Every structure is written in structure tokens, then in C-alpha cells.
1. Given the pairs LYS81/LYS260; LYS28/LYS245; LYS28/LYS78; LYS57/LYS245, which span a C-alpha to C-alpha distance of over 21 angstrom in this model?
2. Could you give the size of the charge dipole of the range 153-197 about its Cα centre, using +1 on the Cβ of each K and R and -1 on the Cβ of each D and E, expressed in debye and rounded to the nearest 20?
3. How large, in Å, is the range 200-261 by the Kirkwood hydrodynamic radius built from its alpha-carbon pairs?
4. By average Cβ neighbour count within 10 Å, what is the ranking of 111-120, 48-57 from highest down?
5. Quick check on packing: order 228-238, 247-257 by the mean number of other C-beta atoms within 10 Å, highest mean leading.
6. Near PHE118, within a Cβ-to-Cβ distance under 9 Å, what is the net charge of the other residues, with Lys and Arg +1 and Asp and Glu -1?
7. Please report Rg over Rh for the range 125-251, where both radii come from the alpha carbon positions and Rh follows the Kirkwood definition.
8. If you look at just the Cα atoms of the range 79-186, how large are its Rg and its Dmax in Å?
Amino acid sequence: DRVPDHGCFLRLSFIFMPRRKIREYAAKHLLQKHIRDLDLRFRNVQVSPSTDLLKLKDDHLWLAHERLVVKPDMLFGKRGKNNLVLLDGTLPSAISFIQERMHQEVAIGNTLGEVTHFIIEPYVPHKEEYYLSIICKRDENTISFSPCGGMEVEENWDRVRHLGIGVDTNIDDLDVSPLLVGVSHEHVPVLSTFIRACYRVFVELDIHLLEMNPFTLDQSGQPFPLDMRCELDDCASFLHVEDWKVNGHDVEFPYPFGSKLHPEERLPPTSLSFSSIDFSFIVTFRRGSYMNSTRRQAPR
């Protein structure tokens, strides 16, 4: 932009974002790593462009002996509705599924992006599908639960129950049973324990959003998230250098699906990095006049 004569030009560029999404693979790792009161044993494999697919069986022996689920791990939802999920597959079919879709451009809503990461998990036969979310709000945290989870949860939103919890309130002091209306009586104890345990992890790790849609109970009766997403409060990253590690490495904060980055945004991330907001202030004094022009580039 051209700066007017005799004017004062000031550009302030800063980057920030306290809420940062992580991949489903990382979310499940953190939950299993920190949850108490339940013996959760998630098995999953992350596949990236650098993964040698021919060595998957050697590195993860269970893949050759289990029915599998494969789906993109790219921070977008509705993968089933977009035919991007392989269910009840074998290892050869899982490898073919990934090879066919690696680096493929797909449209999710109005966003077009390249698929580069996948998650492979055991296929869990099930009947029930539950919905659970925990979100941090200004004055409280809110737990939402429904016995009708899955792809049609929005159509059954009237079945979702909500419980507000004060930020200083201990989850053990609250009765969570009102959330479980419509749940089979024999499943209430394990679901109550699971909700409480997830809430403790939510608070202890400074998570902003934890959502499972759906989760179910596996053959041993333990909760198993079939689909999960998580957002961490990045302002608390200095408190969780070790807590947030995934397989010994710092947790990855991918950019949103379909993002087209500016060169400045490709710099190494910091605790406050996200997407640039550019404010340009032009103040001009000319013949007694005053002009203030502001231009904003909205974050994605």
C-alpha cells in the first residue's frame, strides 16, 4: 500500500491462537496415556507420506491378524458421509485404500485439500453408539452426552443432555446420572466412570474441546472412541511439555485442512502461532484533515 505524503504509517502484525486442533491419533494417545480408573488399550497406527506401507506388518504385528478401520486423520469430520472410511478391512485392503487416496484432493464442504495422513485401528463390532463432548466455556465447562451418537447425532440433538460444571468444581462431587437417560442400566456404571475420567483428563491437560462421536463399548466392555477430536489450550503449553508428548515427541499442531499458507506462516511455530492477522493503520494530517484507514486480513 502507498503511504500518503506527510503521513504516519504503522503496521502491526501478530499471530495468535489459544485453541489448537490435534490429530485423532494424538488425541487417543493422550487420553489413553492420562486416563485413570479404566484400563483403556487403544491400538492405532498413524500413516503419513513418509510411512513405508510394506513394513507396517513388521512394525505392528497385530495389523495382520485383525479386521481394520482406515480413515484420513486431517482435522475434518463427516468422513463416513464422504466415503473416506474403510470398515472391516484386511491389511492388504487397508494398504490399497491408503495408496489410492494418499495426496488425493478431496472436497469437504467448500474446502478443497490434499489428504496426507491416515489412522488405522482395529474394527470394533458394536451395537450402541454414544456421543460425548466436553467443552470449555467462559464461566464453566459443559459435558454433553447422548445415547444416539454417530452420523445422525445432529438429527437426534433433542436426545443430547448437558451438564454445566463450575471451573473450580470437582467432578466427583457431582451426579452425572442425569446425562445417562436412555442408556441401558447395565452400562450406566462404566459410562459414568468413563465420563468422570475423561473430564479429569480434560481439566488436567488444559483441553479446550474433547469430543467423541461416536464411542462404544468393545468386547471386553471398555469404552472405545470410534471417532474423536481434540483441541488443546495452547496458552498452557508451557505447563505440559511432557504431558502433551505423543510417543516421546512433542504433539503436532497441523494447520486446518485445505489451508493455503503465506510464507510468513511457514515459520517454525511458537506457543502463540496460528495464522497472521495484519492490521495497517494510516494516519494522515493534511490541510487540517484527519484520515484513519484500517485494513484487516481475517484469520482462517
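The values are calculated or read from the model by the stated rules, or taken from the named source; none is laboratory data. Just so we're clear, the structure is a prediction, and the values are computed from it rather than from any experiment. Glycine also receives a Cβ, built like all others from the backbone with ideal geometry; neighbour counts cover every protein chain displayed. Note: accessible area is taken over every heavy atom of the protein model, side chains too, but ligands, DNA and RNA are not part of it. Shrake-Rupley method; radii C 1.70, N 1.55, O 1.52, S 1.80 Å.
1. Working: LYS81/LYS260 25 Å; LYS28/LYS245 12 Å; LYS28/LYS78 18 Å; LYS57/LYS245 25 Å.
Long pairs (Cα-Cα over 21 Å): LYS81/LYS260; LYS57/LYS245.
2. Its charge dipole is roughly 80 debye.
3. The answer is 13.7 Å.
4. On the way: 111-120: 18.5, 48-57: 11.6.
Result, highest mean first: 111-120, 48-57.
5. On the way: 228-238: 18.9, 247-257: 14.5.
Packing order, densest peptide first, comes out as 228-238, 247-257.
6. Taking every other residue near PHE118 into account, the sum is +1.
7. 0.97
8. Cα radius of gyration and Dmax of the range 79-186 are 18.7, 50 Å respectively.
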